[in-house]
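The values are calculated or read from the model by the stated rules, or taken from the named source; none is laboratory data. None of these values were measured; they are calculated from a predicted model. Glycine also receives a Cβ, built like all others from the backbone with ideal geometry; neighbour counts cover every protein chain displayed. Only protein heavy atoms, including side chains, enter the accessible area calculation; ligands, DNA and RNA are left aside. Shrake-Rupley method; radii C 1.70, N 1.55, O 1.52, S 1.80 Å.
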Amino acid sequence: MTAAWLPMAERLARGYRGRGESAEDLTQVAALGLVKAVRGYDPERGHAFESYAVPTVVGEIRRHFRDHLWGVHVPRRTQELRNRVRGARAELDGHVDDRPADEGELAEASGLSRREVRQGLAALDSFRPLSLDAELGQTGDGHTLGDTFGSNDPGYDRTLTREAVRPTLRRLPERDQRVLYLRYFQEMTQSGIAERLGVSQMQVSRLLSRIERDLREELAPVAADAGDR
């Protein structure tokens, strides 16, 4: 029975060519669906075998596309919207003044909302992602998609840290702020700060150690959060 209906399965498989899967693999998937149809068919129900086998084979092919050929995980609802929009666009192509169907026409033909049409259209070209080694344009200069990606900017982390520290520094007593400013912005030595403030170098050393310890403790959660990102 499987051998007798195999041409039917192959014909159904041919209808799905050009969608990113080889003809040989599609034929194998359709044949598998036919085997399932033969095993599951119950003649006592009074239905013709073809009426049971065709949706079984087609379902197996569609399941193959859904489960095995997407390059990235896409929600099933998005896959369904893509298929409906794709079918509506194929139906309308060449029938709307020889121009591509617009969003409203696709919504009317597919029975979807405009928002759902936009979601389906966005997924049309997402079946298989482009390789980062894919060349851009036809110039042959070897410029790839990966070349368009930016690199890590060390200034971003510095800016993030500076903005995280700013409120904490503002809460420090005026003398602590001045000591930090002289040490890290004016790059003065401890002895120079001590002379400026009229205190001993030991006092400046202890003051800096205490300020730095308090800042590290207060900013530890910020540093941990930046590390997680």
(request) Being under 18 Å from T2 (Cβ atoms) and not in a helix (DSSP H, G or I) is the filter here, so list the residues in segment 14-46 that pass it. (result) Y41, D42
(message) Going residue by residue through segment 210-226, is there one that turns out to be at pLDDT 90 or above and open to solvent by less than 80 Å² (accessible area, probe 1.4 Å)?
(response) yes
(request) Only residues that are in contact with a His (Cβ under 8 Å, 6 or more places away or on another chain) and either at pLDDT 75 or above or open to solvent by 100 Å² or more (accessible area, probe 1.4 Å) (or both): list them for segment 120-141, please. (result) E135
(request) Only one of these is among the basic types (K, R), open to solvent by 30 Å² or more (accessible area, probe 1.4 Å) and touching a Leu at 6+ places or on another chain (Cβ under 8 Å): R14, R39, R45. Name it. (result) R14
(request) Could you please find all residues in segment 66-82 being at pLDDT 75 or above and open to solvent by 90 Å² or more (accessible area, probe 1.4 Å)? (result) R76, R77
(message) So D176 passes all but one of these: (1) over 15 Å from S209 (Cα atoms); (2) surrounded by 10 or more Cβ atoms within 10 Å (Cβ to Cβ); (3) acidic (D, E). Which condition number does it fail?
(response) (1)
(message) Looking only at segment 153-165, filter to residues that are closer than 29 Å to S131 by Cα and at pLDDT 75 or above; which one of those is most open to solvent (accessible area, probe 1.4 Å)?
(response) Y156
